[in-house]
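Rule-based calculations on the coordinates, nothing more; no lab input. Everything numeric in this text was worked out from a predicted model, so none of it was measured. No Cβ is skipped: glycine too gets one built from the backbone with ideal geometry, and neighbour counts run over all protein chains shown.
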Amino acid sequence: MSTKIAVCSIGKNPINLIQNLIDYDSTIDLSLIAMNILDYKPPEIENVATQWQRYELRNVLKQLGIFENISIPESLIDLLKQNDTLDLDDEDLTISSHIDQIEANSKDLVTSYNNLQKDTKYDNVSLYPLITTELSLLSFKNKKYAPLRYYYTTETLYDEALKEENGKKKRSDKKLVIENLDELKDVKFNDLAYDAIKEADIAIFVATDIVSLGTLTFAKELFKQIEKLDVPLVFLSYFQEPNEAEKEIASVIGFGTSITDFSKELANIMDYILLDKDEKDSIDKLRESGCRVILEDLKANSSNLGENSLLRTIFRIGDIQTADGESSAINNLEDTGLAQLAVEINSQLKEQENHSTAKPISQLQESPKEAGKDTDAKDNAEAEKTEEVVKIEEENLSDKSVNGVEEEIREIVENGFLALEEEEWFDTVTRAIENCFEGKDDEAINWLIAQSSLDNDKEVQIAEKFISRWIEMRTVSLRKRGAEMISTLASTHRDSYKQILEKQMINTVTQKQEDKRRLLIPLFSILNDVDNKFGEEIIADITNKLALLKNDTDGALNEKAKLTILQLVIDSNRLIKVATVELLRIFVAKPNIGPEIWNILIAFDAGLVGIELVTHFSIDRAEEIVRRASLLRFTGTYYTILSKVIQSMKEGDKTALSNVTGAIIPEETLRKLERLQLASKVEKLKMVQVSTLAESLGKDVKYVERLITELIVNDELQAEMQLIDDNMYLVSTDHQ
């Protein structure tokens with residue numbers, strides 16, 4: 001059976017990987033997808049073939065040896081050189097001209113790629129365009145213009161400004177302006193390219209420049225399609241230092257200029273990030289964002305597995321059996337960065353023995369070779385062990401009659417997940433959980449729910465097992481699937497799943513399990529996306545427990561707890577609100593621990609903290625809390641903003657409140673503002689008719705009655721409503 005690998009080439013620089021994959025084994029079906037988001041056609045010159053500027057495709061074709069299969073007249077080369085604005089070498093000019101001629105004789109872009117594929121010398125290679133949408137991204141600066149690709153490649157604009165008769169107005173922008181960027185947001189994968197990725201055993205996205213990566217993440221629909229992929233996704237970073245044009249383009253579009261600036265986006269869509277050894281300084285920041293990072297020699301240029309650890313790592317991630325019979329189990333990789341985590345995972349009730357289809361991989365801080373590990377020896381030993389196990393299993397199977405095997409399969413199907421006589425209950429649970437993750441049986445989850453309902457011990461065991469298995473998952477799709485199933489299981493057994501998840505996170509702080517903490521944080525984010533109500537409950541409880549941790553030595557534990565809270569909530573305004581509310585509630589229960597709580601709160605936006613402060617406390621109480629926080633006096637604008645929020649709320653000035661916070665005022669706060677305005681109107685009155693109040697406020701009577709009820713319940717107004725002569729009155733209880 002052939003192995004299917006998809007490589008999406010992004011950027012203007014060639015890479016070694018493609019040729020190494022082809023030379024390694026002819027049974028590999030390689031789908032090469034060239035990113036053409038920034039491509040363009042310069043104006044046609046009479047009697048000269050235009051240069052079809054598909055940089056990624058041209059680099060791919062060079063690596064496939066297409067130059068050996070094509071030729072153009074020497075006279076045409078001379079003519080191309082005369083009109084070449086990009087200073088291309090002979091090989092690039094030949095390929096560009098050939099591409100253009102094929103395009104001119106093809107009905108569409110997909111046909112062009114198919115025809116180009118025939119020029120390669122490989123039958124097992126397929127070429128696809130990333131997108132087929134024609135974009136017109138133009139750059140303007142200092143009354144000049146050029147297609148965005150041209151400016152980003154040459155760092156220059158056309159000598160002549162774009163003429164008005166071409167349908168464009170003259171531009172006098174001194175700074176770079178990019179036109180038609182909105183076209184990027186809606187582009188989608190070419191259907192054939194997307195199908196090739198979905199059918200692959202592993203998909204590799206290769207980026208060699210920052211602009212191509214930035215435009216890919218800027219294309220929202222493309223990004224969403226990548227998120228939905230259910231194959232192992234690997235990102236290879238071949239970044240070089242961006243030139244001035246690239247930095248300028250990045251600034252205009254609104255993305256960063258280094259791989260760490262894309263850490264959140266990459267964590268959301270890629271299962272693994274492979275960095276070159278020279279980029280090891282980026283590891284910590286990427287991992288803090290939830291990326292699973294491995295250092296490799298990305299410049300390796302050999303199809304020999306013994307000399308190319310990059311190929312070996314890719315095969316292991318994809319669980320691909322290599323041609324030489326080497327064991328491809330991903331857990332053969334040395335864990336040089338997470339030794340403690342490896343011990344914990346391996347000690348969880350022989351889980352590795354029960355997960356034959358799992359493909360976990362550890363986050364490596366350095367390559368096995370750098371760590372001084374003899375990986376080849378270990379790999380060979382593992383391969384021999386695997387072959388021996390397979391041999392024994394085949395011998396055992398041969399001893400059974402065909403009818404016996406069929407009978408055993410039928411019994412398993414009929415019994416579902418009821419334990420077989422020779423199978424322990426916990427083994428059946430393990431099998432059910434595996435089938436849940438693999439999507440093989442819709443009844444697996446229902447069986448687990450039913451078993452959890454039998455008694456508390458079984459409920460806890462299933463919850464612990466399921467969560468432990470979920471933590472091991474390394475692909476984005478399996479993590480999302482696990483979160484969805486945990487949400488389903490927690491719908492009937494909420495407390496167990498909640499307590500175990502909270503304990504897992506809190507233990508990483510108290511027991512200083514740094515690597516496991518980094519592993520868990522993105523999982524909690526995924527769970528919150530799947531079930532925000534359940535996710536918010538967990539975040540609230542974790543915030544409460546971490547905020548109250550005590551460290552009697554150097555305070556390091558408190559700082560780690562603070563960092564963990566921030567990492568859990570920082571990407572969601574809703575979760576920041578949840579954490580803020582929970583921290584403020586601590587002031588009520590434990591009024592003497594202000595400094596510890598403010599140490600966390602000052603990391604959040606002062607306006608938002610102020611809003612929650614005045615919403616959940618009386619104005620007097622809010623003023624007292626801020627006044628007692630001596631730490632705030634040294635925070636400058638933070639203290640000022642909190643004071644202004646309280647003052648605006650006290651004065652009932654909604655406009656001032658909005659201006660101070662710089663945000664839309666939440667409905668809950670607006671209702672409290674209305675209640676306070678109402679209380680201010682009636683505080684000096686002995687009795688007033690509710691309809692009169694409603695009319696003065698310009699509100700419906702029923703709405704005002706609800707406000708009055710909230711005021712009384714919250715002890716914000718000492719009064720009661722009474723029916724007098726068929727009219728509803730608000731009567732002060734202080735004057736009865």
- What are the residues whose amide H is under 5 Å from the amide H of K4, where those residues sit 5 or more places off or on another chain and H is modelled from the backbone? D29, D201
- Which cross-chain or sequence-distant (5 or more) residues have an amide H under 5 Å from the amide H of L137, H modelled 1.01 Å from N in plane? L148
- What is the Cα centroid distance between segment 627-648 and segment 91-141, reported in whole angstrom? 61
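Report the gain in length on full extension from Q677 to T488: 0.36 nm times residue separation, minus Cα-Cα distance, nm rounded to one decimal. Intermediate values should be presented prior to the final figure.
On the way: separation 189, 0.36 × 189 = 68.04 nm, distance 4.43 nm.
Stretched fully, the Q677-T488 segment lengthens by 63.6 nm.
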- For I665, distant residues with modelled amide H under 5 Å away: none
- Task: Could you check the simple spin-label distance between T154 and D108, using points 7 Å along Cα→Cβ, in nm with one decimal?
- Result: 3.2
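Pop the C-beta distance of K702 and Q511 into the FRET formula with R0 = 35 Å and round what comes out to the nearest 0.05.
Numbers: r = 55 Å, r/R0 = 1.57.
With R0 = 35 Å, the Cβ-Cβ based efficiency is 0.05.
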- Tell me, in nm to one decimal, what length is gained between E199 and A556 on full extension, where the rule is 0.36 nm per residue of separation less the Cα-Cα distance? 123.7 nm
- Message: With the crude spin-label approximation of a point 7 Å out along Cα→Cβ, what separation in nm comes out for K228 versus E710?
- Response: 4.0
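Going by C-beta contacts inside 10 Å, put H98, H493 in order with the fewest on the left. It would help to have the intermediate numbers written out before the result.
Working: H98 22, H493 18.
By the 10 Å Cβ count, ascending: H493, H98.
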- Residues R621, R54 arranged by fewest to most Cβ contacts within 10 Å: R621, R54
- Cβ-Cβ FRET estimate between D281 and S477, R0 fixed at 30 Å, reported to 0.05: 0.50
- Between S75 and E179, 0.36 nm times their residue separation minus their Cα-Cα distance comes to what? 33.7 nm
- Residue-count net charge about F634 - beta-carbon cut-off 15 Å; Lys, Arg +1, Asp, Glu -1: +3
- Message: Counting only other residues whose beta carbon sits under 10 Å from that of T208, what net charge do I get with K and R as +1, D and E as -1?
- Response: -1
- Note on the structure: The distance between the Cα centres of segment 511-541 and segment 281-300, in whole Å, is 22
- Message: Show me, for segment 516-532, the HN-Hα J-couplings you get by feeding each phi into the Karplus relation (A = 6.51, B = -1.76, C = 1.60, θ = phi - 60°), rounded to Hz, glycine and proline as x.
- Response: 5, 4, 5, 6, 7, 4, x, 5, 5, 5, 5, 4, 5, 5, 6, 9, 5
